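Peer 1: I'd like to ask you about the structure that follows.
The values are calculated or read from the model by the stated rules, or taken from the named source; none is laboratory data. Please read these numbers as outputs of a predicted model, since none were measured by experiment. Note: ideal-geometry Cβ built from the backbone for every residue, glycine included; neighbour counts use all protein chains shown.
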Amino acid sequence: MNVNATPNAPGSVEELIKRIKNPNDAAGGPAWQGAAACGAEAIQPLAELLLEPDMEVARSAKRALYCLTRHAGRPGADAEARAVEAALLPLLAHEKSAVSREVLWMLSEIGSDRAVAPMAALLANEQVREDARCALLRLPGERPTAALRAAFRTAPEDFKYALADSLRQRGLEVEGYPSRKLVPSRQTTVTPIAPKPK
Amino acid sequence: MLANRISRRSFLQRSAWAFGSLSVVPSGVLAAESRPGANGRLVVAHVGVGGMGMTHLANMLRFQQEGKARVAAVCDADDNRLGAAVENAGAGVMPYRDYRYILERKDIDAVLIATPDHWHAVQTVHACQCGKHVYVEKPASVTVREGQAMVAAARANQVAVQVGAQARTAKGGWYTCRAIRNGIVGKVRRVTCWHYANPVDDKPVPDSPPPEGLDWDLWLGPLPWRPHNRRYQPANFRWLLESGGGQIRDRGAHQFSTILWCMNADQQTSFTVEAQGRPPVKGLWDCPVEMSVVYQFKDPDWTLEWGQPGDKVGQTEFGNVFWGEQGRLVLEWEGGYRPANPEAIHFQLPPGGQEVYRTDEYEDFNMNHKADWFKSIREGHLRPAVDIEIGHRTATLCNLGNLAYILGRRLVWDGEKQEVVGDPEANRFLSRPQRYPYVL
């Protein structure tokens with residue numbers, strides 16, 4: 001998809017939202033592709049649509065948010081990326097985990113050091129802590145590592161294994177909490193066919 | 001690791017059958033390192049027994065009849081599929097939901113992985129780390145870093161990893177490769193692919209509880225958790241960029257593998273890529289309906305074009321065209337299910353011409369591809385025709401084609417460093433952190 005070449009980009013955020021809500025697939029379906037033109041201003045109103053009962057509207061809003069984020073992350077557009085990041089950060093505190101979860105992954109794509117602390121705060125939220133851990137792993141630099149290490153000290157025992165794995169991925173040595181990746185745990189109800197008696 | 005494997009392969013176990021606990025003589029007993037046992041029979045397990053997984057199972061049951069393999073176990077996150085596989089496989093085959101039970105079994109030499117794409121890398125790496133040879137479905141991986149980890153795991157653990165892009169061991173591919181490399185159409189500067197569109201989820205449904213018997217959490221595995229939706233599975237994972245990547249990662253993984261082979265371009269790992277596509281207007285699936293992707297290679301210079309639909313030149317649903325200085329050669333499909341063009345079949349190698357590797361044990365190209373894998377194990381060189389490094393490079397083409405579409409910009413790929421030049425955001429997409437404990 002070439003967002004720069006998207007025909008018929010919306011003239012305003014209001015128009016973008018109106019188009020996305022259009023129940024006619026031919027009009028509403030492609031509307032999200034014009035989101036990049038609206039910039040950071042569109043983030044809050046689009047995020048509100050993530051919880052729309054109409055699944056097509058919610059889906060379209062989600063795609064618009066990703067479209068906008070990815071466009072802002074292009075080389076040479078740092079100011080745009082920082083503006084989008086700034087608009088995404090308050091959404092991490094959204095009461096619905098469905099919203100904060102998506103925002104974590106968006107920030108994983110463009111987030112800077114500024115995003116680390118609010119993202120790391122969600123490592124204490126059981127609903128989204130795994131998404132927060134993954135999203136932080138995508139951020140470059142020392143700060144995400146330091147945040148994961150700090151979380152490891154206070155995390156509940158069952159989450160420490162995942163955090164220990166993250167720290168090892170970041171090149172740190174962690175005592176205890178060996179990897180569970182090869183430990184089987186799921187049982188089937190299917191039984192084998194017994195050999196015929198000889 | 002080496003010491004462990006030697007120890008395992010020289011350790012005699014008592015053979016016994018009991019429900020829930022198998023203890024059998026490993027096929028590697030008395031065999032040399034990296035080779036199946038004296039009887040040449042590999043003990044195998046199947047991970048993922050859906051559509052392609054059942055083809056693999058049928059192949060292995062035929063090898064079993066021929067005394068070349070023994071099917072020891074089958075595994076799937078869906079008990080409904082697993083039950084069907086057990087019925088097919090017959091007595092003595094152990095069913096598992098969790099593939100890690102298979103990896104624990106010392107008697108199993110090799111696994112065949114035919115799970116959704118997002119599982120390929122994790123399961124392959126784990127299997128390698130447990131000393132198993134691997135046959136993994138294409139595409140090898142869903143991110144570049146996964147592919148790198150697969151190559152590293154295969155090498156570190158000295159196992160053979162064959163990727164299931166069968167055309168490099170199929171006759172259609174072989175005739176075409178031989179003809180192109182030896183100048184049937186002169187120097188080739190452009191290769192085009194045509195393929196039918198990705199489908200649209202035009203009957204979307206709301207999220208719902210998973211069907212009875214499906215372990216949804218395990219099906220998701222490395223992916224971020226989300227509620228079940230009937231449009232994700234069983235086969236529909238293909239139409240989501242994160243789990244399936246659409247036609248370019250499915251058939252593209254076949255076609256690109258064949259094209260790289262024909263163009264003798266396995267070492268040409270750097271390129272630029274640009275992509276455009278038309279997203280679907282509704283539904284859960286997000287792969288572009290139509291898509292065009294252009295890759296430019298340098299030194300030698302040539303262009304690879306993925307067209308969905310592209311310019312259809314042949315008669316069948318998909319294929320590719322080699323455009324040479326002296327004409328063109330068409331390959332329908334990717335050299336597997338369809339024969340080569342008669343011109344390629346009748347091509348006479350010129351004096352001093354270059355012959356091309358060919359495994360020719362079976363007419364059936366699915367069987368032949370596995371025979372090639374067996375051969376690499378038997379002979380100990382551990383480099384099958386579509387070794388994981390080739391599979392990784394092919395998947396990199398597919399994945400970066402999709403990435404260029406997602407980001408809406410041209411990417412410059414440095415194959416040596418395995419990174420996108422001057423695009424930090426794109427480089428973040430080279431990995432996708434995985435949900436614990438389903439990690440590399």
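Peer 1: With respect to B:Asn368, determine if the residue is over 22 Å from B:Glu305 (Cα atoms), of a type outside the set (A, V, I, L, M) and within 14 Å of chain A (Cβ to nearest Cβ).
Peer 2: It is false that B:Asn368 is over 22 Å from B:Glu305 (Cα atoms), of a type outside the set (A, V, I, L, M) and within 14 Å of chain A (Cβ to nearest Cβ).
Peer 1: Give the number of residues within the range B:171-227 that are charged (D, E, K, R), within 21 Å of B:Ile248 (Cβ to Cβ) and crowded, with 16+ Cβ neighbours inside 10 Å.
Peer 2: 1
Peer 1: Can you list the helices (runs of 4 or more DSSP H) lying wholly within the range B:87-168 that have 1 or more residues being within 14 Å of the chain's Cα centre (by Cα), of a type outside the set (Ser, Thr, Tyr) and within 14 Å of chain A (Cβ to nearest Cβ)?
Peer 2: Helices (runs of 4 or more DSSP H) meeting the threshold: B:117-129, B:144-157.
Peer 1: Here are some residues: A:Ser108, A:Ser100. Which one is closer than 11 Å to A:Ala47 by Cα and among the polar types (S, T, N, Q)?
Peer 2: A:Ser100
A quick yes/no check of all residues on (1) out of contact with any helix residue (DSSP H, G or I) (no Cβ under 6 Å at 6 or more places or on another chain); (2) more than 16 Å from A:Val103 (Cα to Cα):
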{"position": "A:Pro10", "(1), (2)": "no, yes"}
{"position": "A:Pro23", "(1), (2)": "yes, yes"}
{"position": "A:Ala27", "(1), (2)": "yes, yes"}
{"position": "A:Leu49", "(1), (2)": "no, no"}
{"position": "A:Arg59", "(1), (2)": "yes, no"}
{"position": "A:His71", "(1), (2)": "no, no"}
{"position": "A:Ala79", "(1), (2)": "yes, yes"}
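Peer 1: Taking the conditions exactly as written (at pLDDT 95 or above, within 8 Å of chain B (Cβ to nearest Cβ) and part of a helix (DSSP H, G or I)), does A:Asp158 satisfy them or not?
Peer 2: Against the criterion (at pLDDT 95 or above, within 8 Å of chain B (Cβ to nearest Cβ) and part of a helix (DSSP H, G or I)), A:Asp158 does not qualify.
Peer 1: Same structure again: Of the conditions (1) touching a residue at least 40 places away in the same chain (Cβ under 8 Å); (2) within 14 Å of chain B (Cβ to nearest Cβ); (3) in contact with a helix residue (DSSP H, G or I) (Cβ under 6 Å, 6 or more places away or on another chain); (4) over 18 Å from B:Ile406 (Cα atoms), A:Arg101 clears all except one; give me its number.
Peer 2: (1)
Peer 1: One residue is enough: does the range A:75-90 have a residue meeting the conditions modelled with pLDDT of 95 or more, within 9 Å of another protein chain (Cβ to nearest Cβ) and surrounded by 15 or more Cβ atoms within 10 Å (Cβ to Cβ)?
Peer 2: Within the range A:75-90 (the criterion being modelled with pLDDT of 95 or more, within 9 Å of another protein chain (Cβ to nearest Cβ) and surrounded by 15 or more Cβ atoms within 10 Å (Cβ to Cβ)), the answer is yes, since at least one residue qualifies.
Peer 1: State which residue is farthest from the other protein chains (Cβ to nearest Cβ) when the search covers only the range B:46-68 and only residues that are without any contact (Cβ under 8 Å) to a residue 60 or more places away in the chain and at negative phi.
Peer 2: Filtering the range B:46-68 for residues that are without any contact (Cβ under 8 Å) to a residue 60 or more places away in the chain and at negative phi, the one farthest from the other protein chains (Cβ to nearest Cβ) comes out as B:Glu66.
Peer 1: Here's something else I'd like to know. Can you give me the ranges of the helices (runs of 4 or more DSSP H) entirely in the range B:333-440 with at least 3 residues that are at pLDDT below 95 and over 30 Å from A:Asp165 (Cβ atoms)?
Peer 2: none
Peer 1: Specify the residue that is nearest to B:Pro288 (Cα to Cα); the eligible residues are those in the range B:226-240 that are at the interface with chain A (Cβ under 10 Å from one of its Cβ atoms) and in contact with an Asp or Glu (Cβ under 7 Å, 6 or more places away or on another chain).
Peer 2: B:Asn229
Peer 1: Filter the range B:63-86 for residues that are of a type in the set (Lys, Arg) and not in a strand (DSSP E or B); which is farthest from the chain's Cα centre (by Cα)?
Peer 2: B:Lys68
Peer 1: Could you please find all residues in the range B:272-291 being surrounded by fewer than 21 Cβ atoms within 10 Å (Cβ to Cβ) and more than 10 Å from chain A (Cβ to nearest Cβ)?
Peer 2: B:Thr272, B:Val289, B:Glu290
Peer 1: A follow-up question, please. If you go through the range A:132-155 one residue at a time, how many are over 18 Å from B:Pro224 (Cβ atoms), part of a helix (DSSP H, G or I) and either touching a helix residue (DSSP H, G or I) at 6+ places or on another chain (Cβ under 7 Å) or of a type in the set (Val, Ile, Thr) (or both)?
Peer 2: Result for the range A:132-155: 7.
Peer 1: Starting from residues that are touching a residue at least 40 places away in the same chain (Cβ under 8 Å) and facing chain A (nearest Cβ under 8 Å), keep the ones in the range B:415-431 and report whichever is surrounded by the fewest Cβ atoms within 10 Å (Cβ to Cβ).
Peer 2: Within the range B:415-431, the match that is surrounded by the fewest Cβ atoms within 10 Å (Cβ to Cβ) is B:Ser431.
Peer 1: Hey, any hits in the range B:391-405 for a residue that's surrounded by fewer than 21 Cβ atoms within 10 Å (Cβ to Cβ), farther than 24 Å from B:Val188 by Cα and more than 14 Å from every other protein chain (Cβ to nearest Cβ)?
Peer 2: The answer is no; no qualifying residue exists.
Each row is one residue, and each column tells you yes or no for (1) under 14 Å from the mean Cα position of the chain (by Cα); (2) within 7 Å of another protein chain (Cβ to nearest Cβ); (3) surrounded by 17 or more Cβ atoms within 10 Å (Cβ to Cβ); (4) closer than 30 Å to B:Glu104 by Cβ.
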{"position": "A:Arg153", "(1), (2), (3), (4)": "no, no, no, no"}
{"position": "A:Ala162", "(1), (2), (3), (4)": "no, yes, yes, yes"}
{"position": "A:Leu172", "(1), (2), (3), (4)": "no, no, no, yes"}
{"position": "A:Glu175", "(1), (2), (3), (4)": "no, no, no, yes"}
{"position": "A:Ser185", "(1), (2), (3), (4)": "no, yes, no, yes"}
{"position": "A:Thr189", "(1), (2), (3), (4)": "no, yes, no, yes"}
{"position": "A:Pro195", "(1), (2), (3), (4)": "no, yes, no, yes"}
{"position": "A:Lys198", "(1), (2), (3), (4)": "no, no, no, yes"}
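Peer 1: Another question about this same structure. If I ask for residues that are out of contact with any Phe, Trp or Tyr (no Cβ under 6 Å at 6 or more places or on another chain), in a loop (DSSP other than H, G, I, E, B) and either modelled with pLDDT of 95 or more or away from chain A (no Cβ under 14 Å) (or both), which ones from the range B:241-269 would you list?
Peer 2: Of everything in the range B:241-269, those that are out of contact with any Phe, Trp or Tyr (no Cβ under 6 Å at 6 or more places or on another chain), in a loop (DSSP other than H, G, I, E, B) and either modelled with pLDDT of 95 or more or away from chain A (no Cβ under 14 Å) (or both) turn out to be B:Leu241, B:Gly245, B:Met263, B:Asn264, B:Ala265, B:Asp266, B:Gln267, B:Thr269.
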